[in-house]
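Colleague: First, the structure itself, so that you have it in front of you.
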Amino acid sequence: MTVSLEQLRRCHVAVDLGAARTRVYVKGVGLVVDQPSVAAVNIRNGALIAVGEFAEQMTGRTPDYIRVMRPVSGGTVVDIDMAQRMLRHLLGEKLRRQLRRKPRLRAAACTPHEADPLAQRATVETLVGLGARRVELVDTLIAAAVGCGLPVEQPTATMIMMCGAATTQVAVLSLGSIVTAARIPVGGEAVDHAVIQHLRHQHELMLPSQSVRPLQIALSENGLTLQGPSTTEIHGRDVATGLARSVRVDTAAVRDAIHTPLTAVLDGIGKILRDCPPDLVADLADRGIMMVGGSALLPGLDQMLRDATGMPVLIAERPDVCAVLGLGEMLEGNISSMVLSPLTA
Ligand SMILES: Nc1ncnc2c1ncn2[C@@H]1O[C@H](COP(=O)(O)OP(=O)(O)OP(=O)(O)O)[C@@H](O)[C@H]1O
Ligand SMILES: [Mg+2]
């Protein structure tokens, strides 16, 4: 099945169900939802207690009978029922009423590159359960490339690197199609995990999940690549005694810990460049790599890529929402000529 721009133009709503965040774009309105893909449920009676930001704040702080769930994992909907309930609440009554008025609601959604048929089916079923009569699936790499304004339909190569929570996807695009692409199962979650493991092993400190981001921001002063002598203070819980404790952490050591998962990403990029026809590699040397996705904001990741590839590296203006904004552009009919043949659908 192939999606045409014409079919996408007839869609009313675009959805990006990510491992970390859910985004919804409504045609003629804009981005209406950008919230964590999290739901908190009372397991005694099955009632939904909170979704989005509120539910995320509950992580690790709930009594036994409340469970914080993530219905999307690794870029795939793993709990269709919960994903539908979460989306219903994130949309809110007013928007849902607005969408119900459409006689034949059509939805567009982006799926990871080379998502398997089961994963595609799960996305479609989630949206059908919310009232969509038809669901068009678009490769997230193409949607993001459109969303960050890359000239995808031209006969020159562009390289996009989508740094998500669960995966990093890299592709070379030309004439609106993917020439070569790779999906590496390493993303922001793996980076957070590396930081948590480092503190556990080196400092015997358990870090609350909410403290990982401030630590990464502490690194931003001199990025991932420069080796500064600075230290930063971190509060957590002692692994052995269980008591609250704070330690001074050497930021250079944390940087090294983060490097380990990122080497898989660098290998993936190397493979893409080797698989790419030489004419296109020459274009890429000029145009460089465009980084999109939330983890593109990881301090110093762009410099690390520059050092590893010797190519120019740019971060999109709004990297985290590029994919859904790209779908939005297609819905609004702002894209005139694009060969959309190899879209997954
Ligand atoms: N300022 C930041 N610095 C470092 N990492 C960040 C920052 N902002 C977001 N992230 C990371 O970006 C990730 C979320 O990215 P994104 O919103 O693209 O994920 P997603 O689309 O839900 O995931 P996926 O596409 O893999 O399903 C999270 O892992 C988060 O830790
Ligand atoms: Mg995503």
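Colleague: Read through the list (1) touching a residue at least 60 places away in the same chain (Cβ under 8 Å); (2) in contact with a helix residue (DSSP H, G or I) (Cβ under 9 Å, 6 or more places away or on another chain); (3) under 19 Å from G164 (Cβ atoms), then give the number of the only condition that L105 fails.
Modeller: (3)
Colleague: Could you tell me which of the residues R97, R67, R104 is touching a strand residue (DSSP E or B) at 6+ places or on another chain (Cβ under 8 Å) and either modelled with pLDDT under 90 or farther than 23 Å from Q7 by Cα (or both)?
Modeller: R67
Colleague: Only one of (1) within 16 Å of ligand 1 (Cβ to nearest atom); (2) modelled with pLDDT of 95 or more is not met by A166, so which one is it?
Modeller: (2)
Colleague: When you scan region 282-302, how many residues do you find that are touching a Pro at 6+ places or on another chain (Cβ under 8 Å) and within 12 Å of ligand 1 (Cβ to nearest atom)?
Modeller: Here the count works out to 6.
Colleague: Now for a separate question. Applying the selection to region 305-323, what residues are within 13 Å of ligand 1 (Cβ to nearest atom), aliphatic (A, V, I, L, M) and either out of contact with any helix residue (DSSP H, G or I) (no Cβ under 7 Å at 6 or more places or on another chain) or not in a helix (DSSP H, G or I) (or both)?
Modeller: I315, A316, V321
Colleague: Which of the residues spanning region 170-200 are closer than 25 Å to L280 by Cβ and free of Cβ contacts under 8 Å to residues at least 60 places away in the same chain?
Modeller: L173, the sole residue that qualifies.
Colleague: Given (1) in a loop (DSSP other than H, G, I, E, B); (2) free of Cβ contacts under 8 Å to residues at least 24 places away in the same chain; (3) crowded, with 21+ Cβ neighbours inside 10 Å; (4) not basic (K, R), where does T62 come up short, assuming only one miss?
Modeller: Tallying (1) in a loop (DSSP other than H, G, I, E, B); (2) free of Cβ contacts under 8 Å to residues at least 24 places away in the same chain; (3) crowded, with 21+ Cβ neighbours inside 10 Å; (4) not basic (K, R), T62 fails exactly one: (3).
Residue-wise test of (1) under 27 Å from L297 (Cα atoms); (2) polar (S, T, N, Q); (3) in contact with a strand residue (DSSP E or B) (Cβ under 9 Å, 6 or more places away or on another chain); (4) assigned by TED's automatic domain parsing to the domain that holds T76.
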{"site": "Q120", "(1), (2), (3), (4)": "no, yes, yes, yes"}
{"site": "L127", "(1), (2), (3), (4)": "no, no, yes, yes"}
{"site": "T168", "(1), (2), (3), (4)": "yes, yes, yes, no"}
{"site": "L175", "(1), (2), (3), (4)": "no, no, no, no"}
{"site": "V195", "(1), (2), (3), (4)": "yes, no, no, no"}
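Colleague: Can you name every residue in region 82-138 that is of a type in the set (V, I, T) and not in a helix (DSSP H, G or I)?
Modeller: Scanning region 82-138 gives T111, V135, V138.
Colleague: If you check A47 against the conditions, is it free of Cβ contacts under 8 Å to residues at least 12 places away in the same chain and away from ligand 1 (no atom under 16 Å from the Cβ)?
Modeller: When the stated conditions are applied, A47 passes them.
Colleague: Only one of (1) away from ligand 2 (no atom under 16 Å from the Cβ); (2) surrounded by 20 or more Cβ atoms within 10 Å (Cβ to Cβ) is not met by A19, so which one is it?
Modeller: (1)
Conditions (1) in a strand (DSSP E or B); (2) exposed (fewer than 13 other Cβ atoms within 10 Å of the Cβ); (3) of a type in the set (D, E, K, R); (4) modelled with pLDDT of 80 or more, marked per residue:
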| site | (1), (2), (3), (4) |
| --- | --- |
| A218 | no, no, no, no |
| G223 | no, no, no, no |
| G242 | no, yes, no, yes |
| G268 | no, no, no, yes |
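The values are calculated or read from the model by the stated rules, or taken from the named source; none is laboratory data. The structure displayed is predicted, hence computed values, not measured ones. For neighbour counting, all protein chains shown are included, and Cβ atoms are generated from backbone atoms with ideal geometry for every residue, glycine included.
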